[in-house]
Amino acid sequence: MRLPYVEIDVLAVERNARAVVELCAAAGIEVAGVTKAVFGHPEVATAMLRGGVTSIGESRLDNIARLRAGGVDAPVMLIRPPSLAGVAEAVDEVALSLQSDLMLLERMGAAAVAAGRVHDVILMVDLGERREGVLPDDLPGFAGEAAALPGIRVVGIGTNLACFAGLIPTVDNMNRLVELAEDVERACGLELAWISAGSSSALPLLAAGAMPARVNHLRIGEAILLGRETVHHRPWPGTVQDAVVLRAEVVESKDKPAPPPGPRADRTFMHAPSPGVAGGRCALVALGRADVDTEGLTPLDAGHRVLGAASDYLVVDVGDATDPVAVGDVVTYALDYSALVTAMASIGVGTHVVEGRQTGRCTGW
Ligand SMILES: *Cc1c(COP(=O)(O)O)cnc(C)c1O
């Protein structure tokens with residue numbers, strides 16, 4: 001397998017999904033497994049489904065096409081509105097989407113009618129996060145108009161927190177969400193099947209036993225893929241954090257002196273002269289900013305320390321490495337969400353699926 005590549009252990013993804021699903025099930029909550037960070041990788045979705053998620057959440061139609069082509073026939077929910085050009089495809093591909101705009105809903109409804117279908121929607125409300133959603137005061141009116149559209153059935157309301165403004169899910173804002181759902185039910189004479197309260201950031205509140213009883217749905221990506229909740233980025237109980245790792249190859253390993261004194265240029269990616277690089281044992285890894293958000297990498301090899309990155313190289317201090325580092329060695333990194341998404345999006349980085357880890361290199365994590 002050509003390096004660098006993202007290695008996904010689908011058995012670990014399945015275990016992580018099961019840990020999240022079991023916790024949620026105990027609180028009466030169903031989980032959609034969100035695959036957008038792995039661009040709808042079908043084997044990852046399948047692993048999530050084996051772990052007990054009841055549907056897949058995807059933000060992009062291309063990723064949904066990849067899921068379907070890869071044999072995933074579970075329900076898929078579209079978690080970002082489609083572009084206008086994608087409305088008909090969206091209605092064909094998914095039975096349920098998250099929505100926050102009336103004009104788009106009219107288009108979705110018209111496309112659904114034309115296709116002889118009814119399209120289910122969860123209406124998103126913005127509780128202050130300044131991401132998707134109508135404002136709380138506008139929700140009952142919006143829901144009434146949406147519910148009256150031919151081809152559209154309003155089946156729930158939802159929200160998304162800890163993503164842009166960074167609001168943390170709390171008892172107060174979750175109770176507010178439930179109140180809003182009940183306002184909508186009263187004002188529009190609807191019964192809402194779903195209150196979809198958020199993402200991996202909702203897990204700490206849930207684990208504390210503080211999620212209101214009517215919340216019955218979450219959309220979870222990061223906690224399943226990376227084994228972390230997203231408020232404090234702490235490892236999530238019962239999950240592993242190395243289900244997804246990035247492997248790359250050492251292409252130089254030498255003792256190097258500190259740079260000589262003299263004027264320094266702004267460096268390509270750092271917009272400031274180097275603050276002073278010490279000498280020492282230094283490995284160059286064939287992995288750079290053109291491949292991945294290098295700020296989001298954590299070495300899993302003992303004693304490795306990333307000093308910085310250019311477009312094609314990571315510069316790694318290996319002076320304290322437990323094992324000698326030689327050209328051709330494979331080094332392994334854990335990924336944060338940004339590193340995961342950028343690596344998966346990169347044409348320079350492959351994807352390799354394994355079922356359990358054969359090598360012992362990253363077991364110390
Ligand atoms: C990405 C996304 C999620 C999943 O977020 P994680 O932090 O990966 O759990 C949930 N809902 C929406 C609307 C999203 O865009």
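Diffusion of the stretch 23-143 by Stokes-Einstein, at 25 °C in a medium of 0.890 mPa s and with Rh set to the Kirkwood radius over alpha-carbon pairs, works out to 162 µm²/s. Sorted ascending by nearby beta carbons within 10 Å, beginning with the fewest, Ile195, Ile29, Ile157 become Ile29, Ile195, Ile157. Per-residue Karplus couplings for the stretch 88-102, computed as 6.51 cos²θ - 1.76 cosθ + 1.60 with θ equal to phi - 60°, are listed in order as 5, 4, 4, 5, 5, 8, 10, 9, 9, 9, 8, 9, 8, 9, 5 Hz, Gly and Pro entered as x. Between Ser59, Ser199, Ser311, the residue with the greatest mean-square fluctuation in the GNM of the chain (Cα pairs under 10 Å linked by springs) is Ser311.
Sequence-ordered 3J(HN,Hα) estimates for the stretch 337-353 from the Karplus curve with 6.51, -1.76 and 1.60 and θ = phi - 60° stand at 4, 5, 5, 4, 5, 5, 5, 5, 7, 6, 6, x, 10, x, 10, 10, 9 Hz, glycine and proline given as x.
Given in Å, the Rg to one decimal and the Dmax to the nearest whole number for the Cα atoms of the stretch 245-344 are 13.5, 40.
Annotation: amide H of Glu7 within the under-5 Å range of Val245, Leu246, Arg247, His352, sequence separation 5 or more or interchain, hydrogens built in the peptide plane.
For the chain, the longest principal axis of the alpha carbon atoms and the long axis of helix 10-26 meet at an angle near 40°. Put simply, the amide H of Arg228, placed in the peptide plane, has neighbours under 5 Å in Ala223, Trp236, leaving out anything fewer than 5 places away on its chain.
Normalised by the number of residues in the chain, the average gap of Cα pairs under 8 Å and 6 or more apart makes the relative contact order 18 percent.
Note on the stretch 1-81: with charges restricted to the Cβ of Lys and Arg (+1) and Asp and Glu (-1), its dipole about the Cα centre is near 200 debye. Which percentage, to the nearest 5, of the DSSP beta bridges contained in the chain is antiparallel? Just about 45 percent of them are antiparallel. Using θ = phi - 60° in the Karplus curve 6.51 cos²θ - 1.76 cosθ + 1.60, the 3J(HN,Hα) couplings for the stretch 193-203 round to 6, 10, 10, 9, 8, x, 10, 4, 6, 7, 5 Hz; x is entered for Gly and Pro. Annotation: amide H of Gly158 within the under-5 Å range of Leu123, Met124, Val125, Ser196, sequence separation 5 or more or interchain, hydrogens built in the peptide plane. Diagonalising the gyration tensor over the Cα atoms of the chain and scaling each eigenvalue by 5 before taking the square root yields semi-axes of 43, 21, 20 Å, largest first. Quick one: in the stretch 188-287, what % of C-alpha pairs are over 20 Å apart? Result for the distance tail: 65 percent. Taking every DSSP helix (H) stretch of at least 4 residues in the chain, weighting each as -39,500 (n - 2.57) and dividing the sum by the residue count yields a mean residue ellipticity at 222 nm of -8000 deg cm²/dmol. Loop-resident trypsin sites (Lys or Arg not before Pro) (DSSP state other than H, G, I, E or B) in the stretch 127-162 with no more than 13 further Cβ atoms inside 10 Å of their Cβ: Arg130. In loop segments of the stretch 140-242 as defined by DSSP, the chymotrypsin sites (Phe, Trp or Tyr not before Pro) with at most 15 further C-beta atoms inside 10 Å of their C-beta are Phe164. Across the options Gly221, Ser338, Val31, the greatest Cα extent toward the positive end of the charge dipole of the chain (unit charges at beta carbon of Lys, Arg, Asp, Glu) belongs to Ser338.
Every number in this text was worked out from the coordinates using simple rules, so none of it is lab data. The model shown is predicted, which means the values in this text are computed figures rather than measured ones. Note that each Cβ is placed from the backbone with ideal geometry, even for glycine, and that neighbours are counted across all protein chains shown.
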